[in-house]
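Step one of this worksheet: look at the structure below.
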Amino acid sequence: MRSLAVDGTSASLLLADGQGQALGPALMYNDSRARTEAERITALAPARSGAHGPSSSLAKLLYLLGQEPAGQPRHALHQADWISGCLGGRWGVSDENNALKLGYDVEQRRWPDWLDALDLPPGLLPEVVPPGTSIGTLRADLAHRWGFPEDTRIVAGTTDSTAGFLATGAHAPGTAVTSLGSTLVLKVLSPRPVFAPEYGVYSHRLGDLWLAGGASNSGGAVLLQYFSRAQLVELTPRLRPEVPTGLDYYPLCAPGERFPIQDPRLAARIEPVPEDPVQLLQGLLEGMAGIEAQGYRLLAELGAPYPTEVRSVGGGAMNAAWTCIRADRLGVPVVRAEHQEAAYGAALLARGM
């Protein structure tokens with residue numbers, strides 16, 4: 001039997017009526033206007049909840065309800081929930097990974113009692129199932145249009161970052177994945193959940209395991225403040241990872257860090273600046289490798305296993321010199337993941353892994 005799954009950005013949310021018709025624009029994952037609503041949540045939610053912060057799904061839901069929707073809200077739907085509903089015609093279903101930031105208790109697998117104090121409309125919160133759970137079949141008209149079998153199943157999806165992790169093939173506790181994009185995102189498979197909201201650390205449930213991680217504000221975006229892409233291509237082959245620069249950098253684009261240091265006023269540390277651009281580039285890469293190692297040490301201190309292997313995804317994964325620097329700082333093998341696209345991870349989820 002053919003199956004499909006949808007991944008989408010975590011905490012992108014919209015309100016819909018009983019037929020799945022959107023009642024207004026969606027609020028995207030990085031929208032943080034719901035500050036007042038976040039304060040209401042802070043007063044009620046336990047520290048371990050994923051619903052904290054103005055960009056959480058729950059804060060967005062409260063904000064949208066206060067904007068007088070153009071109709072009667074019947075469903076609060078994440079991006080993946082709404083697309084899956086459009087494909088199968090079943091509304092009001094979400095997965096455990098997307099529902100985390102809506103306040104769902106992934107450890108107890110239920111909506112917690114503290115949500116009652118928010119007086120949400122009855123039935124607005126979705127039914128929550130594990131990712132990969134069958135939730136319906138593809139609409140007949142869509143199956144005919146695309147040439148799919150009429151019995152094509154739709155299974156509950158996941159968040160884009162979790163799908164990206166699944167794409168790497170990581171499945172054993174201690175296997176970690178670092179995303180080397182504009183920011184640094186660290187995730188490690190753990191036999192137990194790890195929650196530390198003060199560091200932005202949460203855990204997504206993956207069967208009997210947990211995907212614990214955090215995200216630093218450091219990353220590739222810092223490099224583009226100092227070098228053009230053409231310069232990075234030209235300078236990278238001249239790096240000498242076997243000869244450390246001795247520079248002690250903490251690269252940030254602007255003041256403020258969330259993980260592994262939680263300090264909204266933390267200043268970047270990029271001094272002294274050497275005249276040699278190769279030295280500067282290597283110093284920045286060494287600084288980011290240090291942040292990555294500090295992040296995995298923090299996750300281990302919080303209860304996750306220290307990585308036995310780190311798989312790299314994102315543009316930085318192709319930088320062989322940086323890989324050597326990171327392996328030295330981490331003390332474990334660092335390899336480039338063969339597959340890293342979230343769509344590939346969603347396909348594996350649909351297949352049943």
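The values are calculated or read from the model by the stated rules, or taken from the named source; none is laboratory data. Just so it is clear, the structure is predicted and the values come from calculations on it, not from any experiment. Glycine also receives a Cβ, built like all others from the backbone with ideal geometry; neighbour counts cover every protein chain displayed.
Listing for the model above:
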| item | result |
| --- | --- |
| Evaluation of Ile154 against (1) assigned by TED's automatic domain parsing to the domain that holds Glu309; (2) under 25 Å from Asp17 (Cβ atoms) (one fails), failing number | (1) |
| Any hit, the range 189-210, residues being in contact with a helix residue (DSSP H, G or I) (Cβ under 8 Å, 6 or more places away or on another chain), among the basic types (Lys, Arg), closer than 24 Å to Ala51 by Cα and outside any loop (DSSP other than H, G, I, E, B) | yes |
| Verdict on Arg145 being of a type in the set (D, E, K, R) and either crowded, with 20+ Cβ neighbours inside 10 Å or outside the structural domain of Met288 (by TED's automatic domain parsing) (or both) | yes |
| Qualifying residue in the range 187-207 (condition: among the acidic types (Asp, Glu), more than 29 Å from Ala99 (Cβ to Cβ) and either assigned by TED's automatic domain parsing to the domain that holds Ala38 or modelled with pLDDT under 95 (or both)) | no |
| Residues of the range 6-25 that turn out to be surrounded by 18 or more Cβ atoms within 10 Å (Cβ to Cβ) and outside any loop (DSSP other than H, G, I, E, B), as a count | 7 |
| Pair list, Cβ under 7 Å, 6 or more apart: the range 160-183 residue assigned to a strand (DSSP E or B), other residue aromatic (Phe, Trp, Tyr) | Ala176/Tyr296; Val177/Phe165 |
| Within the range 84-110, tally of residues that are out of contact with any helix residue (DSSP H, G or I) (no Cβ under 9 Å at 6 or more places or on another chain) and under 25 Å from Arg48 (Cα atoms) | 5 |
